[in-house]
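The values are calculated or read from the model by the stated rules, or taken from the named source; none is laboratory data. Here the structure is a predicted model, which is why all the values come from computation and not from measurement. Counting neighbours? That spans all protein chains shown, and the Cβs are built from the backbone with ideal geometry, glycine included. Calculation scope for accessible area: heavy atoms of the full protein, side chains included, ligands and nucleic acids excluded. Shrake-Rupley method; radii C 1.70, N 1.55, O 1.52, S 1.80 Å.
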Amino acid sequence: MACTTFGILLFEKVEELDFVGPWEVFGAVRKAGHETRVVSIAEKEGPVLCANGLRVMPDYTFATAPDLDVVLVPGGMGTRTEIDNPALIAWLRGAGSRCSWVTSVCTGSYLLHGAGFTKGRRITTHWAFVETLREAAQDATVLED
């Protein structure tokens, strides 16, 4: 069985729970006997300041990231500024196009929309941002509840 590489995108003001929770889940896959690795990826080297003050060091940058099988885009207040970051959107579009699975947590769906992954799909986000996402992603069906 081939090794599955899970990549988790990090960016300034990323919500800690949105990437640490999935990290735990993806890591549990390895504990269940599957050959996997979980890596974090950010635009630049150096610590990433998260939404609640945690600083984390990414494993890779956009330039050095390995090929991924899965990419996860967490949410957080940083999605509001990163949607206008052409380097992040281009990396996500390229990396995601080679993945077997592209997913997000919460407002990470904004970045998936910005990278072109939501067209014609059913998507959702945090309840407080459903209408905002619906306005932005008119080519997708935005679910609530």
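Descriptive notes on the structure:
- Computed with the Debye formula from one identical point scatterer per Cα of the chain, without solvent, the log10 of I(q)/I(0) at q = 0.09, 0.12, 0.17 Å⁻¹ comes to -0.25, -0.46, -0.93.
- Heavy-atom surface analysis with a 1.4 Å probe gives segment 31-77 a carbon and sulfur content of 50 percent of its accessible area.
- Folded to 0 to 90 degrees: helix 86-97 orientation relative to the chain principal axis, Cα: 70 degrees
- Cα-based helix-to-principal-axis angle, 16-31 vs the chain, degrees rounded to 10: 40 degrees
- Segment 108-125 - phi-based ³J(HN,Hα) in whole Hz, Karplus 6.51/-1.76/1.60, Gly and Pro as x: x, 4, 4, 6, 4, 5, x, 8, x, 8, 9, 4, x, 9, 8, 9, 8, 7
- Relative contact order of the chain, defined on C-alpha pairs under 8 angstrom at six or more residues apart (%): 22 percent
- When exposed loop sites are taken as GluC sites (Glu not before Pro) in a DSSP loop with at most 14 other Cβ atoms within 10 Å, the longest stretch of the chain clear of them is 46-143.
- Fully extending the segment from residue 81 to residue 23, taken as 0.36 nm per residue of separation minus the present Cα-Cα distance, adds 18.5 nm.
- Reachable aspartates and glutamates, given that their alpha-carbon falls under 12 Å from the alpha-carbon of residue 13 and they are not under 8 places away in the same chain: 82
- Each listed q (0.15, 0.21 Å⁻¹) maps to a log10 I(q)/I(0) for segment 54-94 from the Debye sum over equal C-alpha point scatterers, namely -0.43, -0.86.
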